[in-house]
1. Quick check: is even one residue across segment 337-354 without any contact (Cβ under 8 Å) to a residue 24 or more places away in the chain and at positive phi?
2. Could you tell me which residue of segment 126-158 is surrounded by the fewest Cβ atoms within 10 Å (Cβ to Cβ), considering only residues that are touching a strand residue (DSSP E or B) at 6+ places or on another chain (Cβ under 7 Å) and either in a helix (DSSP H, G or I) or not assigned by the TED database to the domain that holds residue 70 (or both)?
3. Only one of (1) buried (at least 16 other Cβ atoms within 10 Å of the Cβ); (2) farther than 23 Å from residue 232 by Cα is not met by residue 53, so which one is it?
4. Among the residues of segment 112-125 satisfying the criterion of being more than 20 Å from the chain's Cα centre (by Cα) and surrounded by 20 or more Cβ atoms within 10 Å (Cβ to Cβ), which is farthest from residue 60 (Cα to Cα)?
5. I need every pair where a residue in segment 243-258 that is surrounded by 19 or more Cβ atoms within 10 Å (Cβ to Cβ) has its Cβ under 6 Å from the Cβ of a residue that is in a loop (DSSP other than H, G, I, E, B), sequence separation at least 6 or different chains.
6. Go through segment 1-109 and tell me which strands (runs of 3 or more DSSP E), entirely inside it, have 2 or more residues that are outside the structural domain of residue 364 (by the TED database), modelled with pLDDT of 85 or more and more than 19 Å from the chain's Cα centre (by Cα).
């Protein structure tokens with residue numbers, strides 16, 4: 001009742017006065033990047049950036065204010081939690097459930113069950129941790145209908161488990177960057193399994209995308225891998241108080257360089273191959289960690305895997321697979337290599353296999369690959 005009374009005429013007049021003062025292209029949010037590949041940068045976003053992006057996310061999800069109840073375990077200082085969660089729910093009038101102060105898989109499962117959430121938004125690591133709970137099957141998740149997963153690449157096997165074990169039939173993969181408000185590609189709830197597991201969906205309205213050769217700047221044809229660039233309403237105003245960093249990623253024609261290697265197919269769907277900075281160059285061969293991670297996720301004993309390049313005197317870089325096992329499972333490096341043999345090019349088979357209990361994470365729960373690389377090199381005495 002107090003909430004309803006707070007929305008009476010005096011507050012409406014106050015809001016109308018504020019609205020007259022607002023200019024849609026003015027900054028409203030300095031959203032810091034996650035820092036997965038280096039130091040976080042402050043992406044300056046306008047009212048137009050984030051309100052429109054939130055609107056398109058909700059439309060793509062098919063949110064219904066009469067039925068929607070979304071569980072949002074992502075932190076509010078991260079774009080998935082702030083724009084992809086809170087702003088979307090505000091724009092579309094959907095109930096928002098915060099399960100915990102910082103992500104906890106048990107608390108999130110309990111909240112979904114208790115609040116009968118219809119949607120769940122999170123990163124792949126969040127979903128993996130929830131699925132890995134020993135008592136996962138004891139939770140009633142039957143209310144779940146859809147949701148969004150993003151923030152880092154989603155291995156196809158993980159997406160299949162989410163659809164099957166959590167029964168989220170209408171879940172979609174999303175792709176974006178903090179600098180793009182954040183979402184630029186997103187699946188449709190009724191997409192095929194192949195589209196859900198192998199792509200990050202279809203481009204948003206009022207957004208342009210192109211694939212460029214990272215060295216020559218040549219625009220590449222469909223189904224060719226190159227650097228993904230984005231232009232449109234969603235692109236940030238710039239990095240806060242850092243014009244030099246801004247010029248590195250945003251050209252005079254307002255094309256934003258994502259730093260991601262991607263492929264656009266003939267239907268307009270996008271597949272993320274890997275990060276430019278994460279690409280491993282082993283003896284002249286270009287190897288994308290995401291490809292190996294997706295394959296290794298098919299191993300029945302593996303909970304999660306991250307692949308990085310580590311120093312090597314002969315080849316320049318070697319492949320290191322850092323693996324978290326499922327609870328109660330054991331494995332050897334030789335078993336992992338045998339699993340790969342004959343199913344991929346020999347030079348893609350990891351030279352090093354390291355079993356770990358956790359990964360270095362950002363405060364928003366994303367894996368910091370550069371720190372993982374440093375950790376592996378130190379452990380393997382390569383530093």
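1. Taking every residue of segment 337-354 in turn, at least one turns out to be without any contact (Cβ under 8 Å) to a residue 24 or more places away in the chain and at positive phi.
2. Here the answer is 128.
3. Failed condition: (2).
4. Initial filter on segment 112-125 (more than 20 Å from the chain's Cα centre (by Cα)): 112-118.
Narrowing further to those that are surrounded by 20 or more Cβ atoms within 10 Å (Cβ to Cβ): 112, 117-118.
On the way: 112: 22, 117: 18, 118: 15 Å.
Among residues in segment 112-125 that are more than 20 Å from the chain's Cα centre (by Cα) and surrounded by 20 or more Cβ atoms within 10 Å (Cβ to Cβ), the one farthest from residue 60 (Cα to Cα) is 112.
5. Final answer for the pair search is 256/235; 258/177.
6. So the answer is 27-32, 42-46, 95-97.
The values are calculated or read from the model by the stated rules, or taken from the named source; none is laboratory data. Given the structure is predicted, the values throughout are model-derived calculations rather than measurements. Cβ sites come from the backbone with ideal geometry, for glycine too, and all protein chains shown count toward neighbours.
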